[in-house]
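The values are calculated or read from the model by the stated rules, or taken from the named source; none is laboratory data. Because the structure is a prediction, the values reported are computed rather than measured. Here Cβ is always computed from backbone atoms with ideal geometry, including for glycine, and neighbour counts include all displayed protein chains. Areas reflect the complete protein model, heavy atoms only, side chains present, ligands, DNA and RNA absent. Shrake-Rupley method; radii C 1.70, N 1.55, O 1.52, S 1.80 Å.
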Amino acid sequence: EHRWDSREHMVRESRQDRERGACPRESPSFHSRFTTLTITRESWGKHRAKDGAMGTDQGCASVSSRAATATTMLFEPGGDGQTPQVVVLVGAPGMGKTMMVRKVMVEWGEGALHTQFDFVFCIDCKAIILPMEASVADLVSRCCPGLRVPARNILDDQKKILFIFDGFEALGFSLVQPKAELSSDPREVKPLELTLMSLLKKTLLPEASLLITMRPTALGSLRQCLKGENYVEILGFSAARREEYFHRYFENPNKADMAFRFVRGNKILYSLCVIPIMSWTICTILEQELCGKKNILECSKTTTGMMMFYLSQLLKHRDRDNPQLLQQFLLQLCSLAAEGIWKHKVLFEEREIKDCGLDLPGLLPYFLNERIPREGEDHESVYAFTHLHLQEFFAALFYVLEDDGKTISSLGRLEKDVNKLLESYKSRKDLNVTVQFLFGLVSQKSIEYMDKTIGCRISPRAREELLEWLQGRHRGLSHPGQALKVLEMDTFHFLYEMNEKSFTQSALGHFTDLDLKDTRLTLYDQMALSFCIQHWAGLGSVSLQGCSFHWQDPEAELDVSVPCSGVSGAGGHPGALAVRRRQELPCPIHLLCRALQHRDSALQVLRLQWCRLSESCCAELAALLAEHPGLAQLELADSSLGDSGVRLLCEGLRTPGCRLRILR
C-alpha cells in the first residue's frame, strides 16, 4: 500500500519536474500526442555514412508496436537474453530524448511497469539544483520530497529501482576520479560527482537500473566510466510516423490531412520532419496559419520562415547576455556550412571546429552532432549538422549575414559572392536548396524577423543580384524573336520563398509565357505556381503539357501498420481514412483556375494537353470560361472528361462572358 501511494505521489512530482521538455509546448493529453520514435542500438556513426547527417532511414530499427511500452523498447534484452542494467539514450537536441523519459514516467505512474520497477527516480539535470555533496539517499529525497516511505527502505530492493538522469551532460562533470574514492554505501555523503560515478561504475547499488540521456557531443567521458552499458540512439520519425504525428497534433482531421499534404509536397520540409522538434515547429506554425482560416491554401509561411522560427526556438535561452558571442558563433557556423556545401562535405574534423571557434559546449550541440570513434578507431571525432537541409540553410545565411553593418568574410577561406553561387547553380543543381533559402532570407519579413527575434542583421543587397539573375536566366532560355517564356519550375519556388508581390511582379514583368512540360506538381508546387500567376500581369499563355496535378502523394498514403483508432478523428481504420480523403479532395486544377481568374490577368491561351484531366475538372474550367473574357484558346487533348464533364464545359461555353475561339 505504501509502495503504490508513494508511486502515485512521485509521479505527480515528476510531472512538475518535467515542466521543461524537449518540445516547447506541453500537451494536455500526453498519450494523444506521443508518437513512436525510430531507434537503433547499433553504432551511431555508421548511419551517417550516406549523407553525414540525420535524416536517412537506412539501417535503422523502427519500433512499430504500439503495445510495447517505452521502457520495454529501451531495456530490450540483448542477443544473450540479458536485460541491460544501464541504457544510454543518445540523440541531438530536439530528437525526443526528454519526451521518451516523460513517456517512461507516465507508463510507470499508470502501473504499466510494475513487473520491472517499483520506483523510478527522474532527475532533470538541466533544471534541478543539486547540492555539492550528497548520498544516493539524499538524491532520492530531493527528487521526491513527499515520500511516505523512508529512502533507506526503498534502496534495500535494488532490482526494482530505476534512476533516470535526463540531460546528463548539463552537470558538467569530468568523470575521471580514481576508483579508490568511490562509494558503496547509499547513505554515505560524498562530493556529488563521486556519488554519481559510484552509481555509474556499479560500486553503489550494483543491481539498480540506470537510464541516461545525453547528446552525442558529451559522450566521450561517459563511455570511459560505464561498463556493460547499452547504447540506444534516437533517429527521429520514420515516414509513417511523420504522418501519424500530424494526425495526433491536430484535433481536426481535415486540417491534419491538409497540413500533411502541404508538407509532403515540400521535399525540404518533409525531410526535416524526421526531427521531432522540427515536426512540432511546422505543426505549430501551420496551426497558427489555420486559426480563423478555412484551409492551408492561404498559408503565408515559407520554408525559410519555418527554419527561422526553429532557429529562434533553439536560441531562446542561449547566451542572451552575450549577443556578440552568439553573433560571432553564427557567423563562423555559416562559414563552415557554406564551405561544406561547396566541397560536397558533410563531415568536419574536430580541428576544423576549433579553428572556426565553434567549440562552445553551450551552443555547438544544438547545431552539430559529434560522431564518436568506435573502439579500435584511432582518428579524432568528426561532426555533422543535425540535418543536411540545416547545413544548406546556414550556407545561404553565410552570404547575407552582416557584422557591424558590413558583410563579413569567413576566415578568408570562402568568398561571399552571391553571383558566383547563382552562376554555379547552372551546372550544380545540388545547390537548389541553398539558393531557395537565399531568396527566403532576403525578403523584408525575414530581415525584420532575424533582427528582432534572433538579433542578426541581414544585408538586403543580394535582392538586386537575385532579381537580375532571375530575369537573365530565362531570357537566355527563350529563342530570339519568340515570346519570353519561363521554363523552370524552380523559378516559382524561389519567388514563392521570397513571398513578395512587388519582387515577383518585377521578376516576371518582362515575360509573357509559362511553359512547363511533364512536371509532377505537388500541392506545394501548385501553391508556388498560383502565387506567381496571381502577380504576373503580363502572362498571356500557359502551357502545362504532360503535367500532373497531385493533392495527395501516392507514396504518402497512411501506412496500414499505423493504427488509427488512437488518432483523433481518424475514422478508426486506414481504409476509411483514405476513402474520406479522396472524397474531400478538391478539383486537381482548383488552384490554377483560381489564380488565372485574378483581375489583372491577360491570359489568352491555356494548354492542358496530356494532363489526364477528369470530369472533376470541368466545373472549374467552365467557371474560368465564363469569367475570363480574354481566354481565346483552350486545349484539353487526352483528357477523360466524360459526357457529364463535357455538359458542364458546354455550360461555360454558353455564358455571355465566354469569348473562346479555339477548343481542342
Hey, any hits in the stretch 452-464 for a residue that's among the basic types (Lys, Arg) and assigned by the TED database to the domain that holds residue 602? no
Just need a number here: residues in the stretch 198-217 that are crowded, with 22+ Cβ neighbours inside 10 Å and of a type in the set (Asp, Glu). 0
Out of (1) among the charged types (D, E, K, R); (2) touching a Ser or Thr at 6+ places or on another chain (Cβ under 7 Å); (3) within 21 Å of residue 166 (Cβ to Cβ), the one residue 187 does not meet is (3)
Verdict on residue 250 being hydrophobic (A, V, I, L, M, F, W, C), under 24 Å from residue 526 (Cβ atoms) and buried (at least 24 other Cβ atoms within 10 Å of the Cβ): no
In the stretch 374-390, which residue that is modelled with pLDDT of 70 or more and not aliphatic (A, V, I, L, M) is most open to solvent (accessible area, probe 1.4 Å)? 380
Tell me, please, whether a residue that is more than 30 Å from residue 386 (Cβ to Cβ), of a type outside the set (Gly, Ala, Ser) and either free of Cβ contacts under 8 Å to residues at least 24 places away in the same chain or not assigned by the TED database to the domain that holds residue 70 (or both) can be found in the stretch 161-174. no
Residues that are in contact with a helix residue (DSSP H, G or I) (Cβ under 9 Å, 6 or more places away or on another chain), of a type in the set (D, E, K, R), surrounded by 17 or more Cβ atoms within 10 Å (Cβ to Cβ) and at pLDDT below 95: does the stretch 562-582 have at least one? yes
State whether one or more residues within the stretch 494-517 are at pLDDT below 90 and either in the same structural domain as residue 273 (by the TED database) or of a type in the set (A, V, I, L, M) (or both). no
Expected output for the stretch 420-441 (first residue touching a residue at least 60 places away in the same chain (Cβ under 8 Å), partner of a type in the set (S, T, N, Q) and surrounded by fewer than 21 Cβ atoms within 10 Å (Cβ to Cβ), Cβ below 9 Å, 6+ apart or cross-chain) is 431/424
Could we say that residue 126 is among the basic types (Lys, Arg) and at pLDDT 85 or above here? no
Those residues that are crowded, with 22+ Cβ neighbours inside 10 Å and touching a residue at least 60 places away in the same chain (Cβ under 8 Å), I need them from the stretch 184-197; list them, please. 195
What tally of residues in the stretch 637-664 results from selecting those that are closer than 17 Å to residue 627 by Cβ and either open to solvent by less than 70 Å² (accessible area, probe 1.4 Å) or hydroxyl-bearing (Ser, Thr, Tyr) (or both)? 9
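Okay, residues lined up against (1) aliphatic (A, V, I, L, M); (2) at pLDDT 90 or above; (3) in the same structural domain as residue 439 (by the TED database):
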site: 278; (1), (2), (3): yes, no, no
site: 289; (1), (2), (3): no, no, no
site: 293; (1), (2), (3): no, no, no
site: 297; (1), (2), (3): yes, no, no
site: 327; (1), (2), (3): no, no, yes
site: 338; (1), (2), (3): yes, yes, yes
site: 347; (1), (2), (3): yes, no, yes
site: 350; (1), (2), (3): no, no, yes
Those residues of the stretch 488-527 which are part of a helix (DSSP H, G or I), out of contact with any Phe, Trp or Tyr (no Cβ under 8 Å at 6 or more places or on another chain) and surrounded by fewer than 19 Cβ atoms within 10 Å (Cβ to Cβ) amount to 489, 490, 501, 502, 506
